[in-house]
Ligand code: PHE
């Protein structure tokens, strides 16, 4: 083999490797190059195997040459490997890094439902007048919703409040304390509270109630009431009038709110009344509550001795008050979950 040829072979190999390394774009490719040229079965080792065949006087020179080329190329590949690693990390950071100078996404805060806001205001006012706030269950028994309130089975008032009954798996159960329904008013808490507490007492009971009836702008199958109950030795409708005057004045932020009691009928009060208010002189009367003096039969069912105490009860429509307060014309909006509506409060 010609001497120039062997020198030339080394040069060509060196050039090929340098070119390949400069074109390598990633570490996988770089490793392929290392294996192909400098590996155990690589092209450089092929040349070393040819060494014994070249003239004796050139062996030393070419041997050294091959060694130094191997060193150079190994250094070159190592350097390139470091470069590629740096580049990889840099690109990864660029892709996945967090730009701390970017403005954050604004988090929009929610707020209370208008009915909740009104309910809390009402609670505040009554609490300041010495009333406690208590809550009852929305699933109620026939007994507390009707019987304990002097509404017997055949009483026409049962039809006044169309009821959602809860199917009992043991449908033969006729015990009114086990026969369940969705409460049609908050009045059952009158009976429940008096069973457990002695007079004098002053409570309000805010809560959701249900009636099985057609919906329209002023009727929903679910709505809210605030029950009131004040019992003592000589509580009368005059007390109710004074409390209502104070309450409505503060609720509507007015110097004075006119109040009118009209006769009304509810089996659990005697006499029963309907309460109207007038917010401005000249404006029309608005019906806002049912009320009356607690019926002796209700006291008796709760275990009180009749004649020993008297008191008034009332039921205010929370949705109705909220509609008047905010000027809302359709009760169904409260339950629509419509963001355009809710955002206004
Ligand atoms: N519970 C009655 C209703 O739902 C309202 C009411 C409460 C009337 C208390 C009188 C006394 O209409």
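Just so it is clear, none of the values below were taken in a lab; they were calculated from the coordinates. From a predicted model like this one, the values you see are computed outputs, not experimental measurements. Here the Cβ positions follow ideal geometry from the backbone for every residue, glycine too, while neighbour counts run over all protein chains shown.
Some points to look at:
- In the chain, the calculated helix contribution to ellipticity at 222 nm averages -13000 deg cm²/dmol per residue, counting -39,500 (n - 2.57) for every DSSP H run with n ≥ 4.
- Axis angle, to the nearest 10 degrees, between helix 56-96 and the longest C-alpha principal axis of the chain: 10 degrees.
- Relative exposure of 322, 236, judged by other C-beta atoms within 10 Å (fewest first): 236, 322
- Choice from 97, 110, 136 with maximal GNM fluctuation in the chain (Cα, 10 Å cutoff): 97
- Across every pair of non-identical alpha carbons in segment 1-65, the mean reciprocal distance, once inverted, gives a Kirkwood radius of 12.7 Å.
- Separation of alpha-carbon centers, segment 1-79 and segment 185-210, rounded to whole Å: 98 Å
- Here segment 212-311 is treated as a sphere whose radius is the Kirkwood value from Cα pairs; by Stokes-Einstein at 10 °C and 1.306 mPa s it diffuses with a coefficient of 103 µm²/s.
- At R0 = 56 Å, FRET efficiency that the Cβ-Cβ distance of residue 23 and residue 343 yields, to 0.05: 0.40
- Over all projection directions, the Cα-based convex hull of segment 105-238 averages an area of 12.9 nm².
- The C-alpha atoms of the chain define a longest principal axis, and helix 3-23 lies at about 10 degrees to it.
- Selected from 98, 259, 12 as most flexible by GNM, with the chain as the system and alpha-carbon contacts under 10 Å: 12
- Comparing 22, 108, 283 in a Gaussian network model of the chain, where Cα atoms under 10 Å apart are tied by springs, the biggest mean-square fluctuation is seen for 22.
- For the chain, fraction of C-alpha pairs farther apart than 39 Å, in %: 47 percent
- Among 26-33, 48-55, the order from most to least packed when residues are scored by Cβ within 10 Å on average: 26-33, 48-55
- Computed as a quarter of the hull surface, the mean projected area of the alpha carbon convex hull for segment 159-264 stands at 9.7 nm².
- Inter-centroid distance (Cα atoms) of segment 252-275 relative to segment 123-170, Å: 20 Å
- Helix 237-251 vs. the chain, principal-axis angle (Cα, 0 to 90°, nearest 10): 30 degrees
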